[in-house]
Amino acid sequence: MNTPSRIERDTMGEVLVPADGLYGAQTQRAVENFPISRLHFTRPFIRALGLIKAAAARVNGELGGLPRDLAATIEAAAQQVAQGEYDAQFVVDVFQTGSGTSTNMNANEVIARLACAHPNDHVNLSQSSNDVIPTAIHVAAAELVHHELLPAMTRLHSTLREKAEEFDAVLKVGRTHLQDAVPIRLGQEFSGYARQVELSIDRVRKALDGLYELALGGTAVGTGLNAPLGFATATIQVLAEQTKLPFREAQNHFEAQASKDAVCFLSGALKSYAVSLTKIANDIRWLGSGPRCGLGEMRLPAVQPGSSIMPGKVNPVIAESVLMACAQAVGGHVAVLLASWRLAVPRMFRKNRVSFAGPLAVRKPCDSGTTSRALPRIRNSKA
């Protein structure tokens, strides 16, 4: 059965576009050119694109580049995109042209159709894919880290500190090389986990500052060609106001567009955090092993049956899921490194999501009843 379509045109000629698609010819060409993964950009990135287009339209109207009424219409349409009303219209695969031009044009065409405007001359005015996409990467990642990751890390740190205090009087054997060593308190072990998370928070916060520098205003190659004086500063100020984050114009637009070092730095901090979570989750899995023939020093909460053939068996599934998420985050770091040499960084957002899942998952069993098992308790003693 043939899908209803319409004819759209671009500089290369005519293209058949689905009749219900709000996008145009350039987006459709990209759909046909890149049938690779069926992975599309996620909500945080599309939100960032919408916010950028809305802010740019407002400033272009204020600076006289667009008629005020048209600027307002484009801004309203872009805000609808930012709010998630048209996510289904973002159909280009994440594996595409390295500059992200196809996704920038996807946004331009959708917003233009909603606002009865031209995607290039109006929606993309004073911009280029080469400054919009790096800006969207930073805005999306900064919002995710600020609003989701850091709060989750802080909650995990607090929970681990509480457990360190709760277990402070529990004496156990310390181990090196998985062999018995000398006595240690279980609370001391958990204080080490808490410190690992605390240091990871510091590293992520340091990396976050680099994301606040935005490439917007550099246009094609960093020179600011076709962007009026004051456009970048004013547009970024609007973004800062709307996100309530301290975004600022890049000190050097050539650095901001020719590299993604700030993203690499954040990715490295996330990788280090994933390594820390791996250590914590694996230790908890070992300490809870058994319960009869393993170490059996901790009792992990039973959250689901662990076997399809052995009734009553329960597995450390939360710890195991964290280990998988951490492995994905570490592997994602390699993809981010390679992409940062010049390609856009779609992998960053899939990796971020996995990284956010880790602290939430580790915290869950701690909050819901992780206890020590049949170990002597001591008072007023510091082993």
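The values are calculated or read from the model by the stated rules, or taken from the named source; none is laboratory data. All figures in this text were calculated on a predicted structure; none of them were measured in a lab. Methodologically, a virtual Cβ is constructed for each residue, glycine included, from the backbone with ideal geometry; neighbour enumeration extends over all protein chains shown.
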>> Taking the condition of being in contact with a helix residue (DSSP H, G or I) (Cβ under 8 Å, 6 or more places away or on another chain) and aromatic (Phe, Trp, Tyr), how many residues in region 263-302 meet it?
In response: 2
> In region 143-154, how many are of a type outside the set (Val, Ile, Thr) and either farther than 30 Å from Lys244 by Cβ or surrounded by fewer than 16 Cβ atoms within 10 Å (Cβ to Cβ) (or both)?
Replying inline: 2
> Does region 102-142 hold any residues that are buried (at least 24 other Cβ atoms within 10 Å of the Cβ) and charged (D, E, K, R), and which are they?
Replying inline: Glu109, Asp131
> Val31 versus (1) touching a Ser or Thr at 6+ places or on another chain (Cβ under 9 Å); (2) closer than 25 Å to Leu70 by Cα: which is the lone unmet condition?
Replying inline: (2)
> What are the pairs, 6+ residues apart or on separate chains, where a residue within region 133-154 that is closer than 15 Å to Gly50 by Cβ and touching a residue at least 12 places away in the same chain (Cβ under 8 Å) has its Cβ under 8 Å from a residue that is basic (Lys, Arg) and in a helix (DSSP H, G or I)?
Replying inline: Ala140/Arg47; Glu143/Arg47
> When you go through (1) assigned to a loop (DSSP other than H, G, I, E, B); (2) closer than 30 Å to Ile280 by Cα; (3) not polar (S, T, N, Q) one by one for Arg205, which number turns out not to apply?
Replying inline: (1)
> Checking Phe231 against (1) under 24 Å from His146 (Cβ atoms); (2) outside the structural domain of Asp283 (by TED's automatic domain parsing); (3) crowded, with 20+ Cβ neighbours inside 10 Å, which test does it fail?
Replying inline: (1)
> Quick one: how many residues across region 10-22 are touching a strand residue (DSSP E or B) at 6+ places or on another chain (Cβ under 7 Å) and of a type outside the set (A, V, I, L, M, F, W, C)?
Replying inline: 2
>> Could you go through region 91-101 and let me know if any residue there is touching a Lys or Arg at 6+ places or on another chain (Cβ under 8 Å), in contact (Cβ under 8 Å) with a residue 24 or more places away in the chain, more than 20 Å from Leu239 (Cβ to Cβ) and not aliphatic (A, V, I, L, M).
In response: yes
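Tally up the residues in region 108-143 that are in contact with a Phe, Trp or Tyr (Cβ under 8 Å, 6 or more places away or on another chain) and in a helix (DSSP H, G or I), please. Before the answer, list the steps.
So in region 108-143, the residues in contact with a Phe, Trp or Tyr (Cβ under 8 Å, 6 or more places away or on another chain) come out as 109-110, 113-114, 126, 136-142.
Okay, now just the ones that are also in a helix (DSSP H, G or I), so 109-110, 113-114, 136-142.
Going through region 108-143 one residue at a time, the tally reaches 11.
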> Of Leu199, Leu160, which residue is assigned by TED's automatic domain parsing to the domain that holds Phe265, modelled with pLDDT of 95 or more and either touching a strand residue (DSSP E or B) at 6+ places or on another chain (Cβ under 7 Å) or crowded, with 21+ Cβ neighbours inside 10 Å (or both)?
Replying inline: Leu160
>> Out of the residues in region 163-186 meeting the condition of being assigned to a helix (DSSP H, G or I) and free of Cβ contacts under 8 Å to residues at least 24 places away in the same chain, tell me which one is surrounded by the fewest Cβ atoms within 10 Å (Cβ to Cβ).
In response: Glu165
> Which of the residues spanning region 59-91 are under 21 Å from the mean Cα position of the chain (by Cα), assigned to a loop (DSSP other than H, G, I, E, B) and either not charged (D, E, K, R) or not assigned by TED's automatic domain parsing to the domain that holds Pro18 (or both)?
Replying inline: Gln83, Gly84, Tyr86, Phe90, Val91
>> Return the residues of region 1-28 that are surrounded by 19 or more Cβ atoms within 10 Å (Cβ to Cβ) and not in a strand (DSSP E or B); say none if nothing qualifies.
In response: Gly21, Leu22, Tyr23, Gly24, Ala25, Gln26, Thr27, Gln28
